[in-house]
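Report on one structure; see the data block that follows.
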Amino acid sequence: MRIQVRAGDTLWYYSQLFNLPLQLIVDSNPGLNAANLTVGQEVNIPGFLVSDYQIKPGDSLWKLARDRGIPLDMLILLNPSVNPNRLEVGQRVQLPLRVTWFVVDVRKPYDYAALRSDLNRLMDLYPFLGYRNIGNSVMGKALPELRIGKGNKRVHANGAFHANEWITTPVLIKFLNHYSLALTNNTGIRGLQMWPYYEAATLSIVPMVNPDGVDLVINGLPEQEPYRSNVLSYNNGSTDFQGWKANIRGVDLNDQFPALWEREAARNPQEPGPRDYGGTAPLTEPEAIAMADLTRESDFARVLAFHTQGEVIYWGFENLEPPYAETIVNEFARVSGYEPVRNIESYAGYKDWFIQDWRRPGFTVELGSGVNPLPLSQYDEIYEESLGILLASLYM
């Protein structure tokens, strides 16, 4: 919601009027000089929508404010051209509406278009969210990164490295909505007030690393050549892509990182296909390159890569992880019911590379159980398990 500054207004006054943390209003207005507001300047107020209302007989701004339990000045601020003493029947005024519900639409096959639609809603409603594109997929789809929080501890989470594990994306998107709702309504999540975490930590989320692959699994063959013919060939002529994990070039993005890549490549397929082909070398694919560049520049304290399935959390790599990683994973296990597994014979993954190069905690979280892609009937349970892990990643 946007309002216009009046003479004497301050951001602090707006924070009191709308019952929002001052810092959230500041963060929702980057580039705004809070000490030098000018009359008529527009200010974003996060967590509110505007509804149109037609004046009825007997209405007054005071009555409208009283009936809705909001301060009268909120209505006056939102309707600068309305004379409160000269309302006319049929006249239209704007009413503020505090959003107390989830605005994302996640219980459906969640392709790239669904992601973009939900991101637009979130960014409009919660402009304190940081947004940027970290690169592009093979087919040119932008790879968005969202950030929430202002703290020095930087935590990263990502989803949909693997195409048929797309259910991880709506999990992360719902968490962003959940967190933002808690901040703007001063409510807790599982008894935790979120404002201290906003101040202490910065959470980076890349919700869909592999959008071309996700769209292939959900929507079928792309129209664009040579991708259409190539993926059909890589899939042995079948148009059933439910088993597809790779990107649109048939490269498994989670086998693309320089962490004993040669060892993983030697035992895996030697040509493009639905899964496990690591490419001709590490970091050949634009999606993997974008993730590597983001990680190198961001100084993450820990990373979480969300996959499906198995209800396990992998947390080691060649005994290079720091000792306190075990404390963290044990808390993840406690809040989710998942099994911590330190080492398996697997290499070249994103968390492997992070542990190897930074000697910091990295985790691969395998959500749910069954055959990928997991059915949406598991979504609610998966979200609750993920919620505990994501919250713990901020407070541990």
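The values are calculated or read from the model by the stated rules, or taken from the named source; none is laboratory data. Since the structure is predicted, the reported quantities are computational estimates derived from the model, not experimental observations. Note that each Cβ is placed from the backbone with ideal geometry, even for glycine, and that neighbours are counted across all protein chains shown. Just so you know, the surface numbers come from the protein's heavy atoms only, side chains and all, with ligands and any DNA or RNA stripped out. Shrake-Rupley method; radii C 1.70, N 1.55, O 1.52, S 1.80 Å.
I'd like the distance between the alpha-carbon centres of region 71-120 and region 143-207, rounded to an integer number of Å. When both Cα centres are located, 23 Å separates them.
Working from label points 7 Å from Cα in the Cα-to-Cβ sense, the Thr38 to Val103 distance is 2.8 nm. Computed over region 91-210, the alpha-carbon pair-distance distribution with 10 angstrom bins reads 12, 43, 32, 10, 2, 0, each value a whole percent.
At a 1.4 Å probe radius, carbon and sulfur cover how many percent of the accessible area of region 2-98? With neighbouring chains kept in place, the figure for region 2-98 is 50 percent. Working note: Cα gyration tensor of the chain, eigenvalues times five, square-rooted, sorted largest first, giving semi-axes of 44, 23, 18 Å.
Taking the longest Cα principal axis of the chain as reference, the axis of helix 379-395 is set at about 80 degrees.
By how many degrees, between 0 and 90 and to the nearest 10, does the Cα long axis of helix 168-185 differ from the longest principal axis of the chain? The two axes meet at around 30 degrees.
Note on Tyr324: accessible area is roughly 110 Å² with a 1.4 Å probe, heavy atoms of protein only. Using the Cβ of Lys56 as centre and a radius below 12 Å, the other residues enclosed give a net charge of -1, where K and R count +1 and D and E count -1.
I need to check one value: relative contact order of region 2-98, counting alpha carbon pairs closer than 8 Å and at least 6 residues apart, in percent.
The value is 33 percent.
Note on the chain: with a GNM built from Cα contacts shorter than 10 Å, the maximum mean-square fluctuation among Phe18, Phe102, Phe317 falls on Phe102. Net length available on complete extension from Tyr324 to Arg342 is 5.2 nm, with 0.36 nm assigned per residue and the Cα-Cα distance removed. Summing +1 for each Lys or Arg and -1 for each Asp or Glu, what net charge is found among the other residues whose Cβ lies under 10 Å from the Cβ of Asn164? Once all neighbours under 10 Å are counted, the net charge is +1. Within the same chain, lysines fewer than 8 places from Lys174 are excluded, and of the rest, those with a Cα less than 27 Å from its Cα are Lys108, Lys141, Lys150, Lys153, Lys245, Lys351. Taking Cα atoms only, the orientation of helix 324-336 departs from the longest principal axis of the chain by about 70 degrees. Average 1/r across all pairs of distinct alpha carbons in region 2-98, invert it, and you get the Kirkwood radius: 14.2 Å.
Measuring r between the beta carbons of Glu225 and Ala113 and using R0 = 25 Å, the FRET efficiency lands at 0.75.
If we sort 178-184, 94-100 on the protection proxy, mean other Cβ atoms within 10 Å, highest first, what's the order? Don't skip to the end; give the middle numbers.
Numbers: 178-184: 21.7, 94-100: 16.1.
My ranking of the peptides, most packed first, is 178-184, 94-100.
Between Asp118, Asp252, Asp52, the Gaussian network model of the chain with springs among Cα atoms under 10 angstrom shows the greatest mean-square fluctuation at Asp52. Which of rounded, prolate, oblate describes region 165-311, given a ≥ b ≥ c as roots of the alpha-carbon gyration tensor eigenvalues and a/c under 1.5 marking rounded, otherwise prolate only if a/b is larger than b/c? Prolate, because a/c is 1.5 or more and a/b exceeds b/c. Normalised per residue, the accessible area of region 6-158 is 49 Å², obtained with a 1.4 Å probe and no contribution from ligands, DNA or RNA.
Across the chain, the relative contact order, built from alpha-carbon pairs under 8 Å that are at least six residues apart, equals 14 percent.
Over the chain, DSSP H runs of length four or greater, each weighted -39,500 (n - 2.57), average out per residue to a 222 nm ellipticity of -10500 deg cm²/dmol.
For Leu22, neighbours were defined as the other residues whose beta-carbon sits under 15 Å from its Cβ, and their charges (Lys and Arg +1, Asp and Glu -1) total -2. Counting only the backbone N, which residues of region 175-205 are under 17 Å from the spot 7 Å out from the Cα of Tyr395 toward its beta-carbon? The answer is 178-180, 182-183, 186-203.
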